[in-house]
Amino acid sequence: MGQTGPTPGYFVKSPSGKRIGLSDSLFLRSVWTRSGAVLNGVVEWKNLEPELSLGTLVIERADSTGTALTLLRIDPAHFSFKILGEPGPGRTIRDWIVSDGCVAGINGGYFFLKNDDPQRKCPLGLLVKDGAVISGYRKNYSGCFTFDAGHPEFTYKTKPAKSVSGALQSFPMLIYDGRIPGEVMSENSALHIHRLSRRSALGEDWEGRILFLITGSEVSFRELGFLAGAMGFRHCLSLDGGGSSQLCVLSKDTVEVRGMDKIPVGIGIARK
């Protein structure tokens with residue numbers, strides 16, 4: 001349904017199994033606010049440790065297809081962020097977080113095979129690790145996530161204005177300051193906004209907490225922007241999708257949403 005029309009008809013599946021319908025008009029909304037996040041209170045959260053929570057939600061379309069969403073909510077006052085990995089053959093996100101002593105991680109942005117060699121996976125877009133620029137800024141990649149000693153930040157169609165210890169660029173920016181950009185709303189977008197694939201994303205809620213998001217099955221960019229806004233994302237940046245999408249948490253519980261591919265880079269969190 002996400003590929004064929006603007007009002008696919010969604011249902012939230014509650015823990016008790018009850019299906020709660022969502023208004024078709026929500027799918028057309030491009031501006032989201034803290035008070036308008038209709039799914040914010042529906043996500044079921046479990047505390048893994050202080051200021052680190054795992055969230056789950058099941059979305060169904062009217063045609064009975066759908067996906068489970070897995071979210072990790074992180075308080076940046078208690079956790080620091082790290083760029084994981086390096087150009088090369090890649091590893092699973094679980095391997096990257098174990099080798100870097102992290103609590104959790106999610107795959108990073110897009111990459112290419114240098115000289116078509118699968119052992120030489122190189123990141124695309126701005127990538128800064130420990131203050132060193134690994135890959136340069138690309139004007140056609142709409143979003144950046146940066147972090148330093150202060151609070152992590154997102155930028156939209158703007159190169160970070162200062163040197164930072166860590167940065168990752170990707171696209172598309174699905175929500176920026178509560179607004180879904182026009183290129184994600186437009187039927188004629190070159191982004192193929194209704195193409196279905198497994199997705200992962202990185203965001204921030206209205207309380208300033210950072211969120212990792214991954215889908216269990218296929219959704220479109222258009223759908224993911226709508227769902228992120230409805231769940232209370234103020235900013236949301238899509239990461240690499242398909243076989244690259246993967247998330248792992250090694251905390252009170254071990255949670256792993258596996259991907260099919262080994263990835264060269266990711267984003268991890270470590271306790272301060």
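Computed quantities for the displayed model
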item	result
Table column - 3J(HN,Hα) (Hz), the range 58-70, Karplus curve with 6.51, -1.76, 1.60, x for Gly and Pro	10, 10, 10, 8, 5, 8, 6, 7, x, 7, 8, 10, 10
Theoretical gain in end-to-end length, R195 to R258 [0.36 nm per residue, Cα-Cα removed]	20.6 nm
Computed over the range 10-271, Kirkwood Rh from alpha-carbon pairs, angstrom	18.3 Å
Compactness index (Cα Rg / 2.2 N^0.38 Å), the range 145-272	1.05
MRE, 222 nm, helices only [DSSP H, n ≥ 4, -39500 (n - 2.57), over the chain, to nearest 500]	-2000 deg cm²/dmol
Taking the C-alpha atoms of the range 39-140, convex hull volume expressed per residue in Å³	187 Å³
J(HN,Hα) series, the range 142-157, from Karplus relation 6.51 cos²θ - 1.76 cosθ + 1.60, nearest Hz, glycine and proline x	7, x, 10, 10, 10, 8, 8, 6, x, 5, x, 9, 10, 10, 10, 6
Rounded FRET efficiency, nearest 0.05, which uses the C-beta distance separating N115 from E86 and R0 of 25 Å	0.90
Residue-span extension gain [V31 to E44] - 0.36 nm each, minus C-alpha spacing	2.3 nm
Length gained when the stretch R138-D63 is fully extended (0.36 nm per residue, less Cα-Cα span)	23.2 nm
Under 17 Å from K121, Cα to Cα: lysines that are on another chain or at least 8 residues apart	K129, K262
Alpha-carbon centroids, the range 206-235 and the range 79-111: separation in whole Å	21 Å
Listed residues G108, G88, G232, most fluctuating in the chain (Gaussian network, C-alpha, under 10 Å)	G88
Contact order normalised by residue count of the chain, Cα under 8 Å, 6+ apart, percent	26 percent
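No value in this document is a laboratory result; all are computed from the given coordinates. This is a predicted model, so every value here is computed, not measured. With ideal geometry, Cβ positions are generated from the backbone for all residues, glycine too; neighbour counts draw on all protein chains shown.
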